[in-house]
1. Over the Cα atoms of the chain, what is the Rg over Rh ratio if Rh follows Kirkwood?
2. Between residue 195 and residue 296, what length comes free when the chain is fully extended (0.36 nm per residue of separation minus the Cα-Cα distance, one decimal in nm)?
3. Using θ = phi - 60° and the Karplus form 6.51 cos²θ - 1.76 cosθ + 1.60, what ³J(HN,Hα) does each residue of segment 107-115 get, whole Hz, x for Gly and Pro?
4. Could you give me the ³J(HN,Hα) list for segment 33-43, computed from phi with Karplus coefficients 6.51, -1.76, 1.60 and θ = phi - 60°, whole Hz, x at Gly and Pro?
5. Viscosity 1.306 mPa s, temperature 10 °C: what is the translational diffusion coefficient of segment 109-220 from Stokes-Einstein with a Kirkwood Rh over Cα pairs, rounded to a whole number of µm²/s?
6. Using a Förster distance of 30 Å, how high is the FRET efficiency between residue 276 and residue 54, based on the Cβ-Cβ distance and rounded to 0.05?
7. With an 8 Å Cα cut-off and a minimum separation of 6 or more residues, compute the relative contact order for the chain in percent.
8. Hey, which aspartates and glutamates would be in cross-link range of residue 117, C-alpha to C-alpha under 16 Å, not counting anything within fewer than 8 residues on its own chain?
Amino acid sequence: TWDLTSLRCNFGSFCECDFRPDLPGEGPGLECDLAQHLAGQHLAKALVLKLLKAFVQDPAPNKPLVLSLHGWTGTGKSYISSLLAQYLFRGGLRSPHVHHFSPIIHFPHPSHIERYKKDLKSWVQGNLTACGRSLFLFDEMDKLPPGLMEVLRPFLGPSWVVYGTNYRKAIFIFISNTGGEQINQVALEAWRSRREREEISLQELEPIVSRAVLDNPHHGFWRSGIMEERLLDAVVPFLPLQRHHVRHCVLNELAQLGLEAQDEVVQAVLDSTTFFPEDEQLFSSNGCKTVASRITLFL
Ligand SMILES: Nc1ncnc2c1ncn2[C@@H]1O[C@H](COP(=O)(O)OP(=O)(O)OP(=O)(O)O)[C@@H](O)[C@H]1O
């Protein structure tokens, strides 16, 4: 049987599939959701919104949008990615045009690297042929078998157009903890010298994070040429979360459960959170990662 959508998709570069971007600042939309719910990430929020708006408004982008998210555990990298999927694609993470790769699930055996390479390449190519507006999410980039990511390089640049499908409309997001310790150090030094957290700039973090990636042989970009050829549109740093950010996460979670903010619950979650460094007790050891599960203990 003929599927009309895929027929249109195969023959036209206009195919937008499930792509329904909803980004603007007023009313519901990604910007509003991030403003309300994303705690403590002024750089990531501004950068992602700016790049995404420009990309989505461009009917013929000259390369795919390629973002690499970096930061300590539980600081919102997966969270922002799932919101992005939700506000770009009907069905969000469950849309058939949103593809999520996790090393443990998809690439568990380093000895199968050649097969993974072949499969990944044909998977990306096949899906981009079906829909130029696809989102590819790669989690835990620092746990991938070495060499795998080099098959993606041709898809991330400006010149990959095949069979009338515009490969340059895709979005690639890469997530890792690489650079997290370095970002934490900058945030700690800022705090120690009484600088506002919001004064920390991308210009100061970007080279530090890029260096950490280039120096990490376990990161998927290692020797892939992706960094060297400047195929990333942005390195997006996530700052470590402080006590008041964790509090924000607790309030988000309670609202999500349809519950009023209860001081005892907020306090109990904060009391059970561990902070570092030892002396200052400033940043949450696992960000907001275990907030949801701990809340249920105190309700
Ligand atoms: N900055 C934040 N603002 C609001 N909520 C957050 C933030 N960071 C984390 N959370 C909450 O904590 C949960 C876990 O965070 P998330 O999975 O995004 O962490 P991560 O940065 O991807 O961590 P990891 O590096 O361990 O994968 C999210 O689903 C979200 O509910």
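1. On the way: Rg = 20.0 Å, Rh = 20.4 Å.
Ratio of gyration radius to Kirkwood radius for the chain: 0.98.
2. Numbers: separation 101, 0.36 × 101 = 36.36 nm, distance 3.59 nm.
Working it through step by step, the gained length comes to 32.8 nm.
3. 9, x, 10, x, 6, 9, 3, 5, 5
4. Calculated HN-Hα couplings, in order: 4, 5, 4, 7, 10, 7, 9, x, 10, 4, 6 Hz.
5. Details: Rh = 16.3 Å.
Stokes-Einstein gives a translational diffusion coefficient of 97 µm²/s.
6. Values: r = 37 Å, r/R0 = 1.23.
Working from the Cβ atoms, E equals 0.25.
7. Averaging sequence separation for qualifying contacts and normalising by length gives 24 percent for the chain.
8. Those aspartates and glutamates meeting the cut-off are 150.
None of the figures in this text is laboratory data; all of them are computed from the coordinates on show. Worth saying up front: this structure is predicted, and the values here are computed from it rather than measured. Cβ coordinates were reconstructed from backbone atoms using ideal geometry, including for glycine residues, and neighbour counts include every protein chain displayed.
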